[in-house]
1. Please specify each residue of the range 33-49 satisfying the condition of being closer than 18 Å to residue 105 by Cα and surrounded by fewer than 20 Cβ atoms within 10 Å (Cβ to Cβ).
2. Which one of 52, 74, 68 is surrounded by fewer than 19 Cβ atoms within 10 Å (Cβ to Cβ), over 23 Å from the mean Cα position of the chain (by Cα) and farther than 24 Å from residue 102 by Cβ?
3. Just to be sure I understand, how many residues within the range 340-360 are without any contact (Cβ under 8 Å) to a residue 24 or more places away in the chain and surrounded by fewer than 12 Cβ atoms within 10 Å (Cβ to Cβ)?
4. Considering only the range 132-243, give the helices (runs of 4 or more DSSP H) lying wholly within it that have at least 2 residues that are within 30 Å of residue 22 (Cα to Cα) and in contact with a strand residue (DSSP E or B) (Cβ under 8 Å, 6 or more places away or on another chain).
5. Of the residues 34, 97, 73, only one is more than 23 Å from residue 226 (Cα to Cα) and part of a strand (DSSP E or B); which?
6. Would you confirm whether or not the range 426-437 contains a residue that is modelled with pLDDT of 70 or more, in the same structural domain as residue 89 (by TED's automatic domain parsing) and in contact with a helix residue (DSSP H, G or I) (Cβ under 8 Å, 6 or more places away or on another chain)?
7. Could you check the range 313-329 and list, in sequence order, the residues that are within 32 Å of the chain's Cα centre (by Cα) and not in a loop (DSSP other than H, G, I, E, B)?
8. Which numbered condition trips up residue 59, out of (1) in contact with a strand residue (DSSP E or B) (Cβ under 9 Å, 6 or more places away or on another chain); (2) crowded, with 19+ Cβ neighbours inside 10 Å; (3) on the phi < 0 side of the Ramachandran plot?
């Protein structure tokens, strides 16, 4: 069969959900023609090149998720994310559905977790509207596959479609990487923790509280795949660790092999998350023969049962008898082996193909939805372009008529703007930098930090040529500055690739203006 996985990836970023897409690909490519359709090729493909089926994966990478019309698909797996942008629904989900319906391909929607489950378990809540694109897409899907049985039960309640098929399949681990270190490394006095500080339900901010005298002589290894460590947390953790003679080791964006090596050398994996759709670290640790201490979660108990030592809170961890934990015999769930997973997934594919064809109502409904989206977006773009032309005309006139100019930055683009100002008889008052360095002049003009320009003349215009991300960050720093105009130009057009840009800039007039001016090619 021809099977395609449609998924969004973020450059140079690890994510459990995105990582799982490669397991889907590796398993499906064993017996089928597998196409991996994405906006970028994920960084973690390097962790799978040793699998025999990897060479059978056809990567189709383009920003529009374009797929050859001449290749007909039998099954499409849609891997969703929580992007709420309506434009993204049209760009990703609607295009994928269109391909599936044109080919009469079966649609298997991958469910990680639903809000009715998350909000019931976690103390931090999520807006159910984040799943709105999921609900719209599932309506046109043939089946939903969840990661666990309990996940399937909540999915059935959330999506509430009588004729929608549901199943579950435990995700596997990267056995090739794991087996290189399984039973071959001596355990050390180390405790490994996977942290993510942006999501409060992960429990990472509680790590300071676990430090006590019973961990004296231990090394706490903190693995961080996404984000960074808050400075205050880092300082407080180091101070308390020194108090109890505990070493702290940070591991950033390590490969899968490095991860399993670190797990293998650890005596305990500590897992403080208060919600998981599956919970990869405990599963991987048990496979490596590393004991797991975790807050009790029903999903962990379903997958790993009593092989995990459960605690209710941090105090329970402080009072644990480590010797009794180390004497405990542990086993792992055999369903996480890649061969077993492949068998289970292929059975799901076989069952999916047997599902009856969709009703004509679904085809008509999808067609009307596409027409409606086309009308809405076309109207929006038309009005937006008129607004942009008016605003840009006024801004351009201001830029021509204003003499006093501040230039952001001291790099090559600053030199370009300097040339432009000189040719147009503009008075350059100075250059602005985020943080003032020892150098106080640039091209014979003074250099100011952002904090120093609050008192400057209101007629001053700040201009710069930078990328979109930097522009938005700079603007945040300039929100308290009472100046007439701020201009950000860009020579490249990579801002057009950011489909979430409308979401980023909504409700901000200044940012909308910046967004529209970014594509103006600087001419001097």
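1. Going residue by residue through the range 33-49, those that are closer than 18 Å to residue 105 by Cα are 33-37.
Selection gives 33 alone.
2. Exactly one of 52, 74, 68 is surrounded by fewer than 19 Cβ atoms within 10 Å (Cβ to Cβ), over 23 Å from the mean Cα position of the chain (by Cα) and farther than 24 Å from residue 102 by Cβ, namely 52.
3. Selection size over the range 340-360: 5.
4. Where helices (runs of 4 or more DSSP H) fall fully within the range 132-243 and carry at least 2 residues being within 30 Å of residue 22 (Cα to Cα) and in contact with a strand residue (DSSP E or B) (Cβ under 8 Å, 6 or more places away or on another chain), they are 132-139, 149-159.
5. 34
6. Among the residues of the range 426-437, not one is modelled with pLDDT of 70 or more, in the same structural domain as residue 89 (by TED's automatic domain parsing) and in contact with a helix residue (DSSP H, G or I) (Cβ under 8 Å, 6 or more places away or on another chain), which makes the answer no.
7. If the condition is that a residue be within 32 Å of the chain's Cα centre (by Cα) and not in a loop (DSSP other than H, G, I, E, B), then 314, 317 are the ones that fit.
8. Of (1) in contact with a strand residue (DSSP E or B) (Cβ under 9 Å, 6 or more places away or on another chain); (2) crowded, with 19+ Cβ neighbours inside 10 Å; (3) on the phi < 0 side of the Ramachandran plot, only one is false for residue 59: (2).
The values are calculated or read from the model by the stated rules, or taken from the named source; none is laboratory data. Because the structure is a prediction, the values reported are computed rather than measured. Because the Cβ atoms are built from the backbone with ideal geometry, glycine has one as well, and the counts that use them run over all protein chains shown.
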